[in-house]
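Bear in mind these aren't lab numbers, they're just calculated from the coordinates by the rules spelled out. It should be emphasised that the depicted structure is a prediction, and the values quoted were computed from it without experimental measurement. No Cβ is skipped: glycine too gets one built from the backbone with ideal geometry, and neighbour counts run over all protein chains shown.
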Amino acid sequence: METNSKALATALLVMDIQPAIMQMMGEGAAPLADTLNQAIGAARKAGIPVIYVVVGFRKGFPEIGSGTAASFAAIAKSGMTGLEEPTVDPSVAPLPGEMVVTKRRVSAFAGSDLEVILRGHRIEHLVLTGIATSGVVLSTLRQAADMDYRLSVLSDACADRDSEVHSVLTGKVFPRQAEVMTTAEWVVGLKK
């Protein structure tokens with residue numbers, strides 16, 4: 001899908017890059033952080049807003065009730081740290097003034113004020129990055145496409161614990177609704 005993203009107001013979304021989630025990535029966390037920092041640096045240099053999205057809940061997880069999806073109920077029971085006061089992983093820390101949005105479910109839009117921020121800044125094109133490709137990236141892409149945003153996915157700035165799922169999504173599923181490219185390709189495109 002070819003987009004004329006140069007003429008559109010663009011934002012880079014850095015999603016679910018949080019200490020506990022990066023820890024689950026193991027050895028893959030450091031290379032992912034390096035790639036994310038390349039994208040973040042290029043966005044800042046080009047004047048593109050970087051918006052960080054974290055998953056978080058109030059103390060005691062009141063957003064997770066008995067009827068909540070099993071995956072979120074399991075998170076609440078697991079005692080996973082960092083979700084009651086969510087922060088961005090220090091390896092990709094936001095600069096003062098950069099926005100951090102807290103979401104309550106998988107999609108970056110679910111239970112957050114992301115859409116209000118994007119509309120307020122007249123953002124029409126979203127560049128998606130994050131963990132997991134099969135979680136926040138997929139859910140956000142699908143919802144954003146239904147909301148008529150132009151979309152790009154930086155395939156090497158997304159990660160999933162299942163590399164085969166990552167490959168299928170970035171190679172076959174996402175291209176139906178987004179332009180999929182590497183971070184290096186996106187950075188070169190910004191310079192044109």
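For each of Ile131, Ile21, count neighbouring Cβ atoms within 10 Å of the residue's Cβ, then give the residues from fewest to most.
So the ranking, lowest neighbour count to highest, is Ile21, Ile131.
Near Leu154: Cβ cut-off under 11 Å, other residues only, Lys/Arg at +1 and Asp/Glu at -1. The net charge is -3.
Any chance you could check the Cα centroid distance between the range 124-192 and the range 88-112 for me, in angstrom? The distance from the Cα centre of the range 124-192 to that of the range 88-112 comes to 17 Å. Ranked by the mean number of other Cβ atoms within 10 Å per residue, highest first, peptides 40-49, 88-97, 138-147 order as 138-147, 40-49, 88-97.
In this simple spin-label approximation, Glu115 and Ala30 carry label points 7 Å from Cα along the Cα→Cβ vector, and these lie 4.2 nm apart.
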